[in-house]
Amino acid sequence: MKVLAIVFSLWLCLPWLFGASPACAQTSYPDHAIKLVTPFPAGAPADSIARMVADKLEKAWGQPAVVENRGGGGGIVGANAVAKAAPDGYTLLFTSSSPLAAAPALTKAIPYDPLADFAAVWGINSSGLVVVVNPALPIDSLGALVQYARAHPGALSFASSGHGTTQHLAGELFMARAGVRLVHVPYRGGFAGMTDLMAGHVQVMFDSLGNTYRNIQAGKLRPLAVLREKRSAQLPDVPTATEAGVAGVEMSGWLGLFAPAGTPSEIVRKLIATLQPAMHDPETMARLIELGNDDDVITGAELARRLAEDKSLFAEIVAKAGIEPQ
C-alpha cells in the first residue's frame, strides 16, 4: 500500500512539474516561505497584526512567514502587488479597508478590482477612528473644533496616511457633515502624519485607535470623539461624534487577510483552519485589543461581505458629499 501511495503521489506531481497541474503543490502547501504584504509602513496597526499572523502561520506550519511593507498610494501599491501575484498561497495581503474599500471611491482609477481580484481569508473588527488634535490648540471638544473651523476657514489642516485612505475619507465626510473646510495633507503612511501632528505642522487627524492610543495616554494628542456608534472600551470618557454634536460620520473599520483570486480552495481552507483558532486564543486576543481592535473575529465570508458593503457605502458617501475623485 505504501508503494502504491508513493506511486500515486509521483503521478500527481509529474504534470505539475511540467506546468500542467498544481495538484502536487496544493497537497504539499506550504513547502517554502510565505510572504505577507502589508501596504503600510512598519509599526502601523496593520503591520503589527500582520506580524502576529505571520508568527502563527510559521509556528503552525514550520515554514518561514515574512512580512513585507510595501507602502505607497494610500495602500494601492501593495494591494496591487498581491492582486497580480501568482495565486498559489505564497503571497498574501494583510490590510485595512483603505486600499480595497475607500480608495475606489476617492481615486479615479485603481489597477485592480477589490471584489474580483482577492479571496478573503480572515479578519478582525477594529475600534474605528478617533478625532485627535494637537494639545496646543485651544480646542477641547468636537463642537469647539467645528466652531473654530467655521470661524477660521482653511486655517486648520488634517493629516492622513495618503489620498484615498480611510483617514482621508473620514476627514472629507466630517467636513461635509459639519459644514467646515479643512486642508487635507496626505502623507506616505500614518506615522509620518502623526509625527507632524504632534509637532504642530498639522492640527487634526482622523486616525485609528491603534495608531493614536499611546500618544493619547502620554498627553501628546487630545481625543475629541470616536467615529463609531458606541464609545470605545479603551477610551470610555471620549464621546462618540454623534454625542458630541456631529452625526453621520461613523466609520467602522476592519483589518483582513486576503489571497489573490484564483488561489486553490484547499489552500484558502487551510489558512482559515489555521488562523481562526490561533488568532482567537486569550493571549493573542488581549494583544489585538491592546492594538486598538474589538474582540470580534471575522470569517472570510463575513469579511468579503463587509468589503462589498463598505465599498458601496464609501462610494455613496463620496457622491453625496460632492467629493471629486482624483
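The values are calculated or read from the model by the stated rules, or taken from the named source; none is laboratory data. Note that this is a predicted model, so its numbers are computed, not measured. Because the Cβ atoms are built from the backbone with ideal geometry, glycine has one as well, and the counts that use them run over all protein chains shown. These accessible areas exclude ligands, DNA and RNA; they are computed on the full protein's heavy atoms, side chains included. Shrake-Rupley method; radii C 1.70, N 1.55, O 1.52, S 1.80 Å.
What to note about this one:
- ASN293 long-range amide H proximity, modeled H, under 5 Å: SER127
- In this structure, GLU316 and ALA247 have a Cβ-Cβ separation that, at R0 = 25 Å, corresponds to a calculated FRET efficiency of about 0.95.
- Electrostatic tally near SER160: other residues with Cβ closer than 10 Å to its Cβ, Lys and Arg +1, Asp and Glu -1, net -2.
- Straight Cα distances below 23 angstrom link LYS270 to the lysines LYS35, LYS56, LYS59, LYS84, with same-chain residues fewer than 8 positions distant left out.
- Rolling a 1.4 Å probe over the protein chains gives MET198 an accessible area of about 70 Å².
- Convex hull volume of the C-alpha atoms in the stretch 91-236, normalised per residue: 129 Å³.
- Shape of the stretch 201-326, Cα gyration tensor, a/c cut at 1.5: oblate
- Direction-averaged projected area, Cα convex hull, the stretch 78-141: 6.8 nm², rounded to one decimal.
- Relative to the globular-protein estimate of 2.2 N^0.38 Å, the Cα radius of gyration of the chain stands at 1.08.
- Gain on full stretching of the segment that runs from ALA308 to GLU68 - 0.36 nm per residue minus C-alpha separation: 83.8 nm
- Amide H contacts under 5 Å for THR107, placed H, 5+ residues apart: GLN326
- Annotation: extensible slack from ALA155 through GLU283 equals 41.6 nm (criterion: 0.36 nm per residue apart, minus Cα-Cα distance).
- Relative contact order of the chain, defined on C-alpha pairs under 8 angstrom at six or more residues apart (%): 25
- Heavy atoms of PHE314: accessible area, 1.4 Å probe, square angstrom to 10: 0
- Paramagnetic label reach from GLU290 (point 7 Å along Cα→Cβ; backbone nitrogen cut-off under 15 Å): within the stretch 123-167, no residues.
- Residue range of the chain that is longest and free of GluC sites (Glu not before Pro) which are both DSSP loop and sparsely packed (at most 16 other C-beta within 10 Å): 1-228
- Based on C-alpha pairs under 8 angstrom that are at least 6 apart in sequence, the stretch 71-205 has a relative contact order of 29 percent.
- Share, in percent, of DSSP beta bridges within the chain that are antiparallel, nearest 5: 60
- Partners for LYS311 among aspartates and glutamates (Cα-Cα distance below 17 Å; same-chain residues under 8 apart left out): ASP113, ASP117, GLU172, GLU250, GLU302, GLU324
- Full-stretch length increase - ARG188, ALA144 - with 0.36 nm per residue and alpha-carbon distance subtracted: 12.9 nm
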